[in-house]
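One structure is given below, encoded as structure tokens.
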Amino acid sequence: MDRYIRFSNNNKIHYGLVNGDKVSKLMGEEFQDFEVSGIEYDLSSVKLLAPCSPTKAVCVGLNYKDTILEPGAKWPVEPLLFIKPSTSLLNPGESIIKWPMTEDLAFEAELAIVIGKKAHLVSEDDAHKYIWGYTIANDVTAKDLQKTDGLWARSKSFDTFLPLGPWIASGIDAHNLTITSLVNGQQKQKGNTADLIFGIEYLVSYISHITTLLPGDVILTGTPGGYGSSLDVNDKVEIEISEIGTLTNYCKRSTDTWSLAPRHKSI
Ligand code: MG
């Protein structure tokens, strides 16, 4: 298994390959072009960033067999997709912002597939050739806005709503991994990727028939049962996936000036 990171050192951003407690700086901008530079840093001395720089995160809703459907809801016969913008990306260890527009923030533990090679109209059999590896994602959702809006663009897209990392595990079999989420040390979700309804290769193939996937793009494969727990200011949220690691983030309020003008409700 190889572990790829994206990190900053002296205000410059690099990709690196982890080797024990060291990281080897990589030359090149994409997985296919990477070459080991021979320059090494102590892993503890660099700042870890989200491990790739996606142009988009394509996300799947309702994709675990252990999800309890809300009354009246049905299982999708095809993957139910939505997109999170690249600007929602958050680094490991940083804080998810509870923006003033939402009262009810939730986290969702998810396995993320990282694309390594431009994928357009890819077959399920060939899908593995386009996968760089796997990382951990938190599909942060403003649940109150998700309910009122119907469409999910607003509730899923705020800045900081896509924590990703801490690294990309490459060369692992991701078909039987345990996913756990914890808030302040207390377990909230537990699932296994063996229970995915639409599997990894199918998702890469299906999505590549809708939108071209570019190197560094991610597919969030959905969250297991027990999701929907709220996240509050000062909470610590950890997502663990076996063979990959742990993604840790915190929650805080925005300190930015909120300059949205109030709108008349009668319109
Ligand atoms: Mg989700």
Output for the stretch 223-259, where each listed residue is over 13 Å from Leu182 (Cβ atoms) and free of Cβ contacts under 8 Å to residues at least 60 places away in the same chain:
Asn234, Thr255, Asp256, Thr257, Ser259
Would you call Glu201 in a strand (DSSP E or B) and in the same structural domain as Ile96 (by TED's automatic domain parsing)?
no
Residue by residue through the stretch 104-142, note down the ones that are open to solvent by 10 Å² or more (accessible area, probe 1.4 Å) and either modelled with pLDDT under 95 or within 12 Å of the chain's Cα centre (by Cα) (or both).
Glu108, Tyr134
Gly20 passes all but one of the listed conditions (1) surrounded by fewer than 13 Cβ atoms within 10 Å (Cβ to Cβ); (2) at negative phi; (3) more than 19 Å from the chain's Cα centre (by Cα); the exception is number (2)
Just name the residue that is farthest from the ligand (Cβ to nearest atom) out of those in the stretch 195-224 that are among the aromatic types (Phe, Trp, Tyr) and open to solvent by less than 50 Å² (accessible area, probe 1.4 Å).
Tyr206
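If you take the residues of the stretch 49-72 that are in contact (Cβ under 8 Å) with a residue 40 or more places away in the chain and open to solvent by 70 Å² or more (accessible area, probe 1.4 Å), which of them is farthest from Thr135 (Cα to Cα)?
My answer is Ile68.
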Whichever residue in the stretch 77-119 is in contact with an Asp or Glu (Cβ under 6 Å, 6 or more places away or on another chain) and assigned to a strand (DSSP E or B) and, among such residues, is nearest to the ligand (Cβ to nearest atom)
Glu110
Out of all the residues in the stretch 225-241, which are of a type in the set (A, V, I, L, M, F, W, C) and within 16 Å of the ligand (Cβ to nearest atom)?
Leu231, Val237, Ile239, Ile241
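The values are calculated or read from the model by the stated rules, or taken from the named source; none is laboratory data. Computed from a prediction, not measured in an experiment: that's the story for all the values here. Virtual Cβ from ideal backbone geometry, glycine too; neighbours counted across all protein chains shown. The accessibility values were calculated without ligands, DNA or RNA, using every heavy atom of the protein model including side chains. Shrake-Rupley method; radii C 1.70, N 1.55, O 1.52, S 1.80 Å.
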